Amino acid sequence: MNVIALLIYFILAYATYYRSQKYGANPYLWIVIGILLPYLGYMIAFLHFRKKEITNPKPSMLPLGFRSKKPWKIIIASLLYGLFIITICAVAFTNTGDITNQKPSVVSSIENDASAADDIIIDKSQDNPQDEEFTEPTKPTEPTRPANTKILDEVEKEIIPLPQSEQPKGELKVHFIDVGQADCILIQAPNKTMLIDAGNNADSNLILSYLKNLKINKIDVLVGTHPHEDHIGSLDSVIDSFDIGAVYMPKISTNTKTFEDVLLSIQKKGLKVTTAKAGVVLDLGEGVKAEMFAPNSDKYEEINEYSAVIKLTYGETSFLFTGDAETISEKEMTAKKYNLKADVLKVGHHGSTSSTSPVFLKAVSPKYAVISVGKDNQYGHPDSIIINRLNTFGVQIYRTDESGTIIVTTDGKNIAFDKKASPIKQQAPPAEPEKQTANEQTKEQKEEQKKEVTVYITKTGTKYHSAGCQHLSKSCNPISLSDAKASGYTPCSKCNPPR
Amino acid sequence: MKVVIDRFEGKYAVVELPDRTMVNMPKVLVPDAREGDIILISIDASETSKRKENIKKLVDEVWEN
């Protein structure tokens with residue numbers, strides 16, 4: 001009996017902690033609900049029954065303080081009880097933001113919400129704000145792509161016409177280029193190219209050779225999410241070396257030579273910068289929708305908060321690139337009810353705790369997360385809290401410090417990850433310029449890509465499978481063949497995957 | 001030397017040297033600084049010689065020969 005009581009005690013505490021992680025409630029709530037409340041309940045029950053046995057054969061069922069008829073005692077008692085309840089509520093909801101209102105319904109659908117959460121991730125055609133998912137889990141879903149366009153029209157104040165979303169033709173590739181402790185993301189749409197950020201100062205050779213290697217001559221859309229050196233470091237070299245269509249940056253300046261050089265390069269080329277802010281639509285050609293969800297304000301304390309946040313939609317697949325946007329910007333985005341839902345999330349600020357708040361992560365509900373981070377960096381990125389949070393949400397994590405450059409390919413329906421597309425770059429900010437020559441890099445990349453064969457594993461199984469195997473119906477995680485072998489997986493006997 | 005604070009990461013201020021090299025500087029060295037601030041790093045010659053003299057005096061007092 002005692003053992004069961006103890007078990008319940010621990011499970012309650014853990015469950016509360018888990019739920020607070022998932023829904024953005026204050027994590028210390030588990031102390032209150034998991035430990036204080038049961039303890040209090042036990043004390044009250046103990047006192048109550050003891051009284052019953054020893055003194056009073058017919059105990060009053062009223063709580064302490066209300067048994068007396070004196071009004072002042074009753075008033076004091078109600079004040080104290082009120083204070084107690086308010087304290088618990090305050091602790092519970094300090095960090096919840098928008099979710100506060102939804103909390104009761106979330107609790108009421110405890111049995112359903114595990115599957116409801118899955119629905120959010122899987123159902124790409126569902127464009128309602130995700131919170132409704134919880135209030136009405138059984139709400140019928142219908143393809144709402146036109147409706148989505150309508151919502152955006154209302155949100156956007158820019159007069160740029162939306163590119164018409166048609167059936168996607170061809171592939172769209174997103175390269176999370178491994179530039180160590182920095183960001184550099186290349187998007188190759190069927191007809192246009194976009195570069196979001198350009199790594200550190202020391203990465204210019206690496207980035208230029210990577211782009212030239214892909215036979216890129218023109219960058220149609222160039223975005224500097226915010227003027228920190230780990231995002232705009234090599235932007236000047238990129239501007240100097242390629243044809244540039246349009247340049248987008250938030251209107252905030254800083255005093256570094258890095259930033260000055262970027263501005264000088266822009267000026268030298270006769271380009272003008274368009275302010276990056278929420279509502280701006282980027283032209284990436286037919287079938288590709290790219291719009292900015294942040295920054296939503298003109299003034300922030302931190303430069304990171306000015307980060308341009310871009311959502312890219314191609315067919316049924318979507319990506320969210322968050323720069324280094326932190327909690328304040330994340331709150332603004334969720335408050336504005338943008339459709340943040342995306343399949344792939346570029347985790348904000350290299351996985352620092354300053355970003356990826358639970359409320360925001362829930363709004364995005366990604367299937368995959370990519371963290372652009374330097375191996376053995378000195379800043380503690382990514383933070384284990386963020387890794388745990390992503391795991392709690394069931395998000396599959398890819399990291400450039402573990403995989404090198406990560407290439408994601410989508411045909412508008414399916415998303416395929418090709419990790420290990422490059423050797424892994426060490427921690428930054430490195431003082432040394434890139435020593436690897438362009439040729440060496442190219443060769444290595446090609447060889448690596450040739451070697452990579454993707455197979456699929458399930459969550460629990462010990463075998464690896466080729467795509468489409470019947471064993472993959474429940475879970476299907478892509479993994480490279482070499483990784484699968486190294487992790488002790490053996491080939492499936494039914495589907496005969498590559499060996 | 002004048003260095004510019006580019007950003008703060010964890011315990012460090014990441015500063016830009018005049019040649020655009022980036023260096024981590026412990027935050028404790030620049031307690032009230034903000035992003036974009038320019039930090040002057042220079043040798044204080046008079047303070048150096050004053051201190052040198054003081055320490056020398058102490059050494060002479062403490063040593064027996």
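The values are calculated or read from the model by the stated rules, or taken from the named source; none is laboratory data. Since the structure is predicted, the reported quantities are computational estimates derived from the model, not experimental observations. Every residue, glycine among them, receives a Cβ derived from its backbone with ideal geometry; neighbour counts consider all protein chains shown. The protein model used for the area step is the full one, side chains on, heavy atoms only, and it has no ligands, DNA or RNA in it. Shrake-Rupley method; radii C 1.70, N 1.55, O 1.52, S 1.80 Å.
Laid out as a table, the results:
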read-out: Dipole magnitude of segment A:331-424, debye to nearest 20 (Cβ charges: Lys/Arg +1, Asp/Glu -1, about Cα centre); value: 380
read-out: Links that overshoot a 18 Å alpha carbon limit, given the list A:K169/A:K218; A:K251/B:K27; A:K289/A:K311; A:K192/A:K289; A:K341/A:K367; A:K341/A:K419; value: A:K169/A:K218; A:K251/B:K27; A:K341/A:K419
read-out: Gain on full stretching of the segment that runs from A:A13 to A:K212 - 0.36 nm per residue minus C-alpha separation; value: 66.1 nm
read-out: Residue mean of other protein chain beta carbons inside 10 Å, B:15-24; value: 6
read-out: DSSP-loop chymotrypsin sites (Phe, Trp or Tyr not before Pro) across chain B, with at most 11 other Cβ within 10 angstrom; value: B:W63
read-out: For A:C492, solvent-accessible area (1.4 Å; no DNA, RNA or ligand), Å²; value: 0
read-out: Net length gained if the chain between A:A90 and A:L264 were fully extended (0.36 nm per residue, minus Cα distance); value: 57.5 nm
read-out: Charged-residue dipole, Cβ positions (Lys, Arg, Asp, Glu), chain B about Cα centre, Debye nearest 20; value: 60
read-out: Cβ crowding within 10 Å averaged over residues, with B:18-29, A:288-299 ranked highest first; value: A:288-299, B:18-29
read-out: Of A:C184, A:L172, A:I207, farthest towards positive along the dipole that unit charges on Lys, Arg, Asp, Glu beta carbons give segment A:171-249; value: A:L172
